[in-house]
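Below is one structure, written out as structure tokens; the observations come after it.
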Amino acid sequence: MNVIFIAPPAAGKGTQAGMLSKDYNLYHLSTGDVLREVSKMDTDLGKKVKEIIDNGDLVSDELIFELLEDKIKTLDSVNGIIFDGIPRTIKQAIMLDKLIKIDYVIYLDVEKEVAMKRAVGRVMCPVCYNTYNTYFDNIDDNKCNTCKVELSKREDDTEEKFNHRFDTYLLRTKPVIDYYNEKGILHIIKNIGTKYDIYENIKSVINKGNNLWLT
Ligand code: AMP
């Protein structure tokens, strides 16, 4: 079973994809995580990718093809893949269709204001990778509750960069939603309740199959 998560920036797709990957034993492939690893490399490519991510732009479709094709080849024995953060353009969606059969597309419909707070308040422990939010969580002295180390922030999680990422999402990624809608595999999950409520809705979509819609 292969599943795609589409959502505005900071809508919680990484969290939901992580839970689903554990419960259904699926490989969680986050292109954002892969690209952040590339951006740490002291190479021309690493520097270029870092600049693009920090500015809130999209890396080229060609680079995504390369990374993805290589990655999918190494995953032929897994139960299925969750694509988190891809496709972000129509070209990527067409490319992905040529590589693999997609069973479900989960669109997390989160309002801009909510996503903005999640982005601007998002902090992460550099040791255990647990994420917190300065608006919603009790954080002691900007330190991880478990590891007690200083929490760090993504460079693209400022208000200005968020706005740019959101505009890019509207322009380039929103059309991808229509693309999957026409194929009959799109499921819209509203941002209602806690992350666990939202997760239950996602699971019920997957357990029921593709004939039912959840709006
Ligand atoms: P994310 O962690 O999904 O928010 O991704 C972080 C950043 O990585 C994005 O703002 C883009 O700069 C880049 N990125 C991730 N996935 C893609 C993709 N499929 N196509 C182009 N750029 C991407």
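The values are calculated or read from the model by the stated rules, or taken from the named source; none is laboratory data. The structure displayed is predicted, hence computed values, not measured ones. No Cβ is skipped: glycine too gets one built from the backbone with ideal geometry, and neighbour counts run over all protein chains shown. Calculation scope for accessible area: heavy atoms of the full protein, side chains included, ligands and nucleic acids excluded. Shrake-Rupley method; radii C 1.70, N 1.55, O 1.52, S 1.80 Å.
Figure legend. Inter-residue proximity from region 168-185: first residues farther than 17 Å from residue 102 by Cα, second residues surrounded by fewer than 17 Cβ atoms within 10 Å (Cβ to Cβ) and of a type in the set (Asp, Glu), beta-carbon distance below 9 Å, spacing 6+ or different chains. Indicated pairs: 168/57. Among the residues of region 116-132 satisfying the criterion of being within 16 Å of the ligand (Cβ to nearest atom), without any contact (Cβ under 8 Å) to a residue 60 or more places away in the chain and β-branched (Val, Ile, Thr), which is most open to solvent (accessible area, probe 1.4 Å)? If we take residues in region 116-132 being within 16 Å of the ligand (Cβ to nearest atom), without any contact (Cβ under 8 Å) to a residue 60 or more places away in the chain and β-branched (Val, Ile, Thr), then 120 is most open to solvent (accessible area, probe 1.4 Å). Of the numbered criteria (1) modelled with pLDDT under 95; (2) within 8 Å of the ligand (Cβ to nearest atom); (3) open to solvent by less than 30 Å² (accessible area, probe 1.4 Å), the one residue 36 fails is (3).
Counting just the residues of region 18-33 that are hydrophobic (A, V, I, L, M, F, W, C) and open to solvent by less than 30 Å² (accessible area, probe 1.4 Å), which one comes out nearest to residue 153 (Cα to Cα)?
Only one residue fits best here, namely 29.
Comparison of 136, 166 shows that the only residue that is modelled with pLDDT of 95 or more, on the phi < 0 side of the Ramachandran plot and not aliphatic (A, V, I, L, M) is 166.
Every residue, every condition in (1) surrounded by 13 or more Cβ atoms within 10 Å (Cβ to Cβ); (2) away from the ligand (no atom under 14 Å from the Cβ); (3) within 22 Å of residue 20 (Cβ to Cβ), yes or no:
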| site | (1), (2), (3) |
| --- | --- |
| 114 | yes, yes, yes |
| 134 | yes, yes, no |
| 139 | yes, yes, no |
| 157 | yes, no, no |
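Residue 157 passes every criterion in (1) within 20 Å of the chain's Cα centre (by Cα); (2) part of a loop (DSSP other than H, G, I, E, B); (3) farther than 15 Å from residue 8 by Cα apart from (3).
Just one of the listed residues (72, 100, 94, 64) is farther than 21 Å from residue 201 by Cβ and near the ligand (Cβ under 10 Å from one of its atoms), namely 64.
State all residues of region 70-115 that are over 30 Å from residue 159 (Cα atoms) and in a helix (DSSP H, G or I); if no residue qualifies, say none.
Of region 70-115, the ones over 30 Å from residue 159 (Cα atoms) are 70-81, 94-104.
70, 71, 72, 73, 94, 95, 96, 97, 98, 99, listed by residue number.
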